[in-house]
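To keep things clear, I will list the structure first and then write my remarks on it.
The values are calculated or read from the model by the stated rules, or taken from the named source; none is laboratory data. Predicted model only: the values in this text are computed from it and were never measured. Quick reminder, even Gly has a Cβ in these numbers, built from the backbone with ideal geometry, and neighbours come from all protein chains shown.
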Amino acid sequence: MATTETFRKVRLVLWGAVAAVALAGGALLLGEAQRAQQAGSNLPAAATIGAPFTLTRSDGTRFDSQSLAGKPYAIFFGFTNCPDICPTTLLEMSNHLKQLGANADKLNVLFISVDPSRDTPEHLKLYLSAFDDRIIGLTGTTDEVAAVAKSYRIVYEKVPSKDGSDYTMNHTASVYLMNANGRLVSTLSFQEPEETRQRKIDNLVAG
């Protein structure tokens, strides 16, 4: 079975090819957010990140974001055909939940597909079965996903293969950490050491 470190090495090699376009759209906000956190300041434009939404869970039931009120959550956008960034992040989040122990129940983790045409609830359920079962998988119509992504300033686009027979998705790959009031407080980056990410999550849960 692949390890977090194996996935990390692959991700570092493929990152530029897979996500360069997506990062361009969100890099300014995320960079400012991380600098502000390091300086102990409020995150810029944090109040404008996120909005109420309703999507479909991997079990086919509808999920209303109002159910997140009063509890911090981590939210990540990706797709099940992602070659390395998404499975790596999901593996890392699974490890972080394990490290939280009993406190894991104090955190919601959401994975929202930016490829709803392929990521049906059934397919998403099968894909997420390889990770911590507390991770909530969400999909929806094209318009529903687009609206949620826009509210979180997520950039994504379909990139056809060279022969046009298939496609991949470029997308913003950072994990957003939202407090119990639904406000952005930090982000997780693939460039950060595992212990740094865990410390951010611990602080989020401690609130």
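Against the conditions (1) surrounded by fewer than 16 Cβ atoms within 10 Å (Cβ to Cβ); (2) under 22 Å from LEU55 (Cα atoms), ALA102 satisfies every one except (2). For the criterion of being aromatic (Phe, Trp, Tyr), more than 13 Å from PHE111 (Cβ to Cβ) and touching a residue at least 24 places away in the same chain (Cβ under 8 Å), PHE77 fails.
Residues of the range 73-87 that are of a type outside the set (Phe, Trp, Tyr) and either within 18 Å of LYS158 (Cα to Cα) or surrounded by fewer than 23 Cβ atoms within 10 Å (Cβ to Cβ) (or both): GLY78, THR80, ASN81, CYS82, PRO83, ASP84, ILE85, CYS86, PRO87. The residues in the range 108-135 that are within 11 Å of the chain's Cα centre (by Cα) and over 11 Å from THR80 (Cα atoms) can be counted, and the count is 3.
Residues in the range 46-74 that are in a loop (DSSP other than H, G, I, E, B) and either touching a residue at least 12 places away in the same chain (Cβ under 8 Å) or not hydroxyl-bearing (Ser, Thr, Tyr) (or both): 12 in all. Filtering the range 157-190 to residues that are over 30 Å from GLY207 (Cβ atoms), of a type in the set (Ser, Thr, Tyr) and surrounded by 13 or more Cβ atoms within 10 Å (Cβ to Cβ) leaves TYR167, THR168.
The helices (runs of 4 or more DSSP H) found wholly in the range 82-167 and carrying at least 3 residues that are in contact (Cβ under 8 Å) with a residue 40 or more places away in the chain and of a type in the set (Ser, Thr, Tyr) occupy 85-100. For ARG197, indicate whether it is among the charged types (D, E, K, R), crowded, with 20+ Cβ neighbours inside 10 Å and touching a helix residue (DSSP H, G or I) at 6+ places or on another chain (Cβ under 7 Å). Yes, satisfied. Please specify each residue of the range 168-198 satisfying the condition of being in a loop (DSSP other than H, G, I, E, B), among the hydrophobic types (A, V, I, L, M, F, W, C) and either at pLDDT 95 or above or under 26 Å from THR56 (Cα atoms) (or both). Those that are in a loop (DSSP other than H, G, I, E, B), among the hydrophobic types (A, V, I, L, M, F, W, C) and either at pLDDT 95 or above or under 26 Å from THR56 (Cα atoms) (or both): ALA173, ALA180.
Checking LEU128, LEU97, LEU90, LEU107 one by one, the residue that is of a type in the set (A, V, I, L, M, F, W, C) and under 17 Å from GLY60 (Cα atoms) is LEU128 and no other.
Residue-by-condition table, conditions (1) more than 17 Å from THR48 (Cβ to Cβ); (2) β-branched (Val, Ile, Thr):
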| residue | (1), (2) |
| --- | --- |
| LYS158 | yes, no |
| ASP163 | yes, no |
| VAL175 | yes, yes |
| GLY182 | no, no |
